[in-house]
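If you scroll down you'll find the structure; I have some questions about it.
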Amino acid sequence: MEKSEKFKYGIVLTGGIGSGKSTVASLLKLYGYQIIDADEVSRKVFQEKREEIEKLFGTSDRRKLRKIVFSDKEKLKKLEQLLHPEIRKRILTHSRKLEEKGELFFVEIPLFFEKGGYLQFEKVVVVYLPREKQIERVVKRDKTSPEEVEAILNNQIDIEKKCQLATYCLPNTGDLKKLQKEVEKMLIFFEKMKGEKNG
């Protein structure tokens, strides 16, 4: 694979925990766009490497594992070294196939800015939700404590900074109807950009 490889039609969809990336991805599917879900790829790779994970960490229970790795950076690094190269390989293989179709497609990568390694993508959408709202949503959704969510957020780049780094910052501060309107605006922006490049 060439280092200079760039995806003309691939757009990364990212944000912070609880910002609403999956809801945006579902809306994009309704509009007929192809989505590659890095979490889905990650789950498959995790299942395939379950035995190795148990040997390394003494458990392959995701919740227990999350507590272990988020409180120990070295262990987190070990887990990533085991899983990430294979996840990345599969995402890029799938992206190449979609790129050939010449239509916009989206790749949902939650930790795109934190982990790097996806230089082939130049267009990035950040689903934006202020930090306090992120905490509120995740506590409600995962029945977890605010402290646990804070610990996860502290391992992520601040959402405000992510918005500065993005090609497009997509606010998700209202209801679903409002979000749908924001998604439509975002699609017009990228379809126009694609038209200009092809024109």
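Quick note: the coordinates plus some simple rules give every number you see, no bench work behind them. Nothing here was measured: the structure is a model prediction, and the numbers come from that model. No Cβ is skipped: glycine too gets one built from the backbone with ideal geometry, and neighbour counts run over all protein chains shown.
Applying the Karplus parametrisation 6.51 cos²θ - 1.76 cosθ + 1.60 with θ = phi - 60° to the phi angles of segment 98-107, what ³J(HN,Hα) value in whole Hz is obtained for each residue in order, glycine and proline being reported as x?
Rounded to whole hertz, the list is 6, 4, 4, 6, x, 10, 4, 9, 10, 10.
Here's another thing I want to ask about it. Could you order peptides 59-68, 87-96 by the average number of other Cβ atoms within 10 Å of their residues, highest first?
Details: 59-68: 13.9, 87-96: 17.3.
My ranking of the peptides, most packed first, is 87-96, 59-68.
Something else about it: Straight-line reach from K181: which aspartates and glutamates have a Cα under 18 Å away, not including same-chain ones fewer than 8 places off?
E191
Moving on. Assuming 0.36 nm per residue, please report the length gained on full extension of the stretch K29 to D142 beyond their Cα-Cα distance.
Working: separation 113, 0.36 × 113 = 40.68 nm, distance 2.44 nm.
Computed gain between K29 and D142 is 38.2 nm.
Short version: ³J(HN,Hα) in whole Hz for each residue of segment 179-186, in order, from phi by Karplus 6.51 cos²θ - 1.76 cosθ + 1.60 (θ = phi - 60°), x for Gly and Pro, what are they?
4, 4, 4, 5, 5, 4, 4, 5
Run the simple label-point estimate for D175 and E100 please: 7 Å along Cα→C-beta, distance reported in nm.
So the label points at D175 and E100 sit 4.5 nm apart.
Counting other Cβ atoms within 10 Å, keep those with at most 11, restrict to DSSP loop, and tell me which GluC sites (Glu not before Pro) in segment 38-121 are left.
Working: sites: E40, E48, E51, E52, E54, E74, E80, E86, E99, E100, E103, E108, E114; in loops: E100, E103.
Passing sites in segment 38-121 are E100.
Another question, then. What does the extension gain come out to for T59 and Q164, with contour length at 0.36 nm per residue minus their alpha carbon separation? Before the final figure, lay out the partial values.
Working: separation 105, 0.36 × 105 = 37.80 nm, distance 3.80 nm.
My answer for the length gained is 34.0 nm.
I would also like to ask the following. Which whole-Hz couplings ³J(HN,Hα) result when phi for each residue of segment 71-86 is put into the Karplus expression 6.51 cos²θ - 1.76 cosθ + 1.60, θ = phi - 60°, listed in order with x for Gly and Pro?
Ordered by residue, 3J(HN,Hα) equals 9, 9, 4, 5, 5, 4, 4, 4, 5, 5, 5, 6, 9, 4, x, 6 Hz.
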